[in-house]
Amino acid sequence: MRDTIAILSLTAALLTGGDLLFAKDKVVFNRDFSPAEGLVSPQEKPYRQEICLNGLWDFQPVAVSRDWKQGNGVAPILTEPREGQWERVKIKIPSPWNVNDWGGGIETGEGSKNPYAPSSVYYPSYPSSWIREKMGWLRREFSIPADWKKDNRLILHFEAVAGECVVKVNGKEVCRNFDQYLPFDADVTDYIDWNKPNELLVGVRHNTLFQKFHPEYKKMKTTYALGSNTDKIVGIWQDVFLWAVPEVRVTEAFIKPWVDRDELEIDVNIINQSRQLKTILLGGDAREWINNAGKTILDAPEIKWTLGHTALTIDPVSVTLKPGETQKVTLQTKVGNRLKLWSPETPNLYMLSLKISDKKQTYDIKDIRFGWRQFKLSGTDFLLNGKKIQCIGDIQHPFGPYICSRRFAWAWLQMIKDFGGNSVRPHAQPWPRVYYDLADEMGIMVLDETGLFGSSINLNFEAPEAWEHYAEHLERLILRDRNHPSVIGWSVGNELFAIALLNKPSKEVAKKWDDKIVELADRVPAWDPTRGFITCDGDRDLDGRLPVWSKHFGHGLKLDLLPEKKDKPMIVGESGATYYGKPDQLYQFAGDKPYISYFGRNEALAVDVYQNVQKMAKPFLAYYSPSEVCWFGLEHLNLGYGDYSRLPDGQDGVFAGKVYEEGKPGYQFERIPPYVTTFNPGIDPSLPLYKPLPMFHALKAALADKP
């Protein structure tokens, strides 16, 4: 019956002149798939400039030597690129070069290995051979704008590169990086030619080439933060910029909103890269950040904002910097009701503009967006601005590159608000910056998590270098995200207990691994003393040593598995049989229905989530999340596909209607395939934002105390 209704609805859309077209005609989206803006704000632009280096790059795969052996922790040599060997097809940065394998890599249609799997081809122009390449070089040229000041420092900024990478400018190595989720910078001032085009080369080796097999624990392989469903991607998968910044400038700032003592404190790192002694004044002001985005599905994700009146002024302090010196300066001021509180109901935001000047000139302005709010732990309660709050949220695996789009990020967070939730855990890795930006703006509280995905089973806890990598990864995550008011705390990993559970070490060895996890968690306050919410999601509290107790539960009501001694906040970060539940396991909730249909299975999941919210989450927990409402509580959508007389093929999906633009932040997808997602943020006008299933309705009803 539902299929019949869908076909009739489709027919109506076609007959009324909708944007969806018949048969092989393509559905075209004429706006940005992924709205984005640069990282230099309008207030900064008189002192800081940027050019976005996204665009068409050259790509040259490099073959792995046949005599190289996997698993010894040493990757094969990345040989230098060869002239005349660049691929004929250009790659569109940002995107992994194997992007069409992210989500399955199987093209649907005749001759497919699995014609019933959704296509994951987002860039039909890319050769299929790219998905098999493990190493390669990426190349482009760039020129320095004529109006940039010659005494500025030039900084290359990469938001994220998947794999181990080396960056070269005009043939000279400027930096290396091995963290596929977090940003890094390189000062390239001394490598640049101001008068002619410069060559930028990025060589990348796939993460898996660095695997280090353990001789005893056969499942152990990885010494790096591998994440989930992004562990196979390789290449430049987020934005690239070139910045021009003043020699005397702010390099970093950490805003500490101490609401309970009515004090705003800012730790500011400043540097003097000039050749002269500088005595400067450092101060700033906070202005209201006003969101002017529209209210419709198409307009709301598009970025539009202004600054309002000055709410708070921070008196300047005098600082003397020697040539080449860096200093950390702490600014403090009483707030005195001049800032409005941030909360999920009132996500008030401010822009702090830090200013470096002397009597003659202004050297730098650096903007940091923040919210006036404070999270604290008190006994078993989690407090926001001194009042108890319960977090109800969702998680999601990054099943495909559509997650890099602000439109899809907005859709997920909007769905959470629609069912009555207020929280999210971007699952098992640092997600693109846009998720945290939108959470700030929409009032969604974020439990921020590293890429230590224990459910992968293959983290190599016996390799000393692994723990060095994990600590660096955690530090970089915190430094990236600690100014987001939406971030409530830090999860150092996901289900790390699984490493011991399935590798089966002795009790002594397992305890040593637990000690290492606790040592990792104990590092957090050094980088962020403002948040006491520290967990290892799913790992309880590691014998009482973590400040928050956290567990993941399967189906059924597990009240007997909650700790007897309830002396700290408790969270259940994943709940339900969404991934694994077979009909016989779900029979208790909905009788025969799970045997009959997917819809019937979802009715069983609905009964389970309802009773867990009513009888466990609301009475006992500080934080609760079912297991992927966005994936199992909604229907997967037939984006750009409506001819059900045949299987979808490469002509189906929603295609880009805008001409490709060089130097533009954000993904410029060629195509969004059908059935890869449950969200339609307006790209297919024949479909709603999402189609809820019983699990969604039950969660919404339970949170509203409705039957």
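The values are calculated or read from the model by the stated rules, or taken from the named source; none is laboratory data. These numbers were taken from a predicted model, which means no experiment stands behind them. When we count neighbours, we look across all protein chains shown, and the Cβ atoms used for this are built from the backbone with ideal geometry, even at glycine.
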- line: How many residues of the range 652-679 are touching a Ser or Thr at 6+ places or on another chain (Cβ under 9 Å) and in a loop (DSSP other than H, G, I, E, B)? The answer is 12
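For the range 42-100, give me every one of the strands (runs of 3 or more DSSP E) that falls completely inside it and has 2 or more residues that are touching an Asp or Glu at 6+ places or on another chain (Cβ under 7 Å) and of a type outside the set (Phe, Trp, Tyr).
Working: elements: 49-52, 55-61, 91-93.
The strands (runs of 3 or more DSSP E) meeting that bar are 55-61.
Do we find that Ile144 is at negative phi, at pLDDT 95 or above and among the aliphatic types (A, V, I, L, M) in this structure? Let's see the steps before the verdict.
Working: at negative phi: yes; at pLDDT 95 or above: yes; among the aliphatic types (A, V, I, L, M): yes.
When the stated conditions are applied, Ile144 passes them.
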task: Please name all residue pairs, on different chains or six or more residues apart, with Cβ atoms under 7 Å, provided the first residue is in the range 169-187 and is closer than 14 Å to Tyr470 by Cα and the second residue is polar (S, T, N, Q) and at pLDDT 95 or above.
output: Gln180/Asn207; Tyr181/Gln429
message: Looking at the structure I just gave you, is Ile93 within 26 Å of Trp130 (Cα to Cα), assigned by TED's automatic domain parsing to the domain that holds Val169 and surrounded by fewer than 16 Cβ atoms within 10 Å (Cβ to Cβ)?
response: no
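Rundown of residues vs (1) within 24 Å of Ile392 (Cβ to Cβ); (2) without any contact (Cβ under 8 Å) to a residue 40 or more places away in the chain; (3) surrounded by fewer than 24 Cβ atoms within 10 Å (Cβ to Cβ), yes/no style:
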position: Arg601; (1), (2), (3): yes, yes, no
position: Phe620; (1), (2), (3): yes, no, yes
position: Ser625; (1), (2), (3): yes, no, no
position: Glu635; (1), (2), (3): yes, no, yes
position: Asn638; (1), (2), (3): no, no, yes
position: Arg646; (1), (2), (3): no, yes, yes
position: Gln651; (1), (2), (3): no, no, yes
position: Ala656; (1), (2), (3): no, no, yes
message: Looking at Arg139 and the list (1) more than 21 Å from Gln238 (Cα to Cα); (2) touching a Phe, Trp or Tyr at 6+ places or on another chain (Cβ under 8 Å); (3) surrounded by 14 or more Cβ atoms within 10 Å (Cβ to Cβ); (4) not aliphatic (A, V, I, L, M), which single condition is not satisfied?
response: (1)
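So, in the range 114-131, exactly how many residues are in contact with a helix residue (DSSP H, G or I) (Cβ under 9 Å, 6 or more places away or on another chain) and over 25 Å from Lys168 (Cβ atoms)?
8
Take the residues in the range 583-599 that are of a type in the set (D, E, K, R) and touching a helix residue (DSSP H, G or I) at 6+ places or on another chain (Cβ under 8 Å), then tell me which one is farthest from Ser627 (Cα to Cα).
First, pick out the residues of the range 583-599 that are of a type in the set (D, E, K, R): 584, 592-593.
Subset that is touching a helix residue (DSSP H, G or I) at 6+ places or on another chain (Cβ under 8 Å): 592-593.
Numbers: Asp592: 23, Lys593: 21 Å.
By that ranking, first place goes to Asp592.
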task: Report, by residue number, each residue of the range 397-423 that is in contact (Cβ under 8 Å) with a residue 40 or more places away in the chain and touching a Leu at 6+ places or on another chain (Cβ under 8 Å).
output: Arg406, Ala409, Trp410, Ala411, Gln414, Met415, Phe419, Gly420, Gly421, Ser423
- request: Six or more apart or on different chains, Cβ under 8 Å: which pairs go from a residue in the range 485-513 that's over 30 Å from Ala439 (Cβ atoms) to one that's of a type in the set (Val, Ile, Thr) and part of a loop (DSSP other than H, G, I, E, B)? Could you list them?
  value: Leu502/Ile457; Asn503/Ile457
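Considering only residues that are part of a helix (DSSP H, G or I) and among the aromatic types (Phe, Trp, Tyr), look in the range 603-651 and name the one that is farthest from Phe419 (Cα to Cα). Outline the logic, then answer.
In the first step, residues of the range 603-651 are kept if they are part of a helix (DSSP H, G or I); the result is 603-620, 629-632.
Those left that are additionally among the aromatic types (Phe, Trp, Tyr): 610, 620, 631-632.
On the way: Tyr610: 12, Phe620: 20, Trp631: 14, Phe632: 14 Å.
My answer is Phe620.
Counting only residues that are under 19 Å from Arg48 (Cβ atoms), give me the strands (runs of 3 or more DSSP E) lying completely in the range 328-379 with at least 3 of them. Step through it out loud before you land on a result.
On the way: elements: 349-357, 362-370, 375-378.
In the range 328-379, 349-357, 362-370 are the strands (runs of 3 or more DSSP E) which contain 3 or more residues that are under 19 Å from Arg48 (Cβ atoms).
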Every pair of residues 6+ apart whose Cβ atoms lie under 6 Å, when the first sits in the range 69-94 and is farther than 14 Å from Leu209 by Cβ while the second is in a loop (DSSP other than H, G, I, E, B) and of a type in the set (D, E, K, R): Pro94/Asp239
statement: The residue that is nearest to the chain's Cα centre (by Cα), considering only those in the range 419-478 that are within 26 Å of Gly38 (Cβ to Cβ) and among the aromatic types (Phe, Trp, Tyr), is Trp431
task: From Ser405, Ser456, grab the single residue that is on the phi < 0 side of the Ramachandran plot and at pLDDT below 95.
output: Ser456
- prompt: Taking the range 285-325, which residues are surrounded by fewer than 13 Cβ atoms within 10 Å (Cβ to Cβ) and either in contact with a helix residue (DSSP H, G or I) (Cβ under 7 Å, 6 or more places away or on another chain) or touching a residue at least 60 places away in the same chain (Cβ under 8 Å) (or both)?
  reply: Thr296
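State yes or no: is Ser357 among the hydroxyl-bearing types (Ser, Thr, Tyr) and farther than 17 Å from Asp440 by Cβ?
On the way: among the hydroxyl-bearing types (Ser, Thr, Tyr): yes; farther than 17 Å from Asp440 by Cβ: yes.
Yes.
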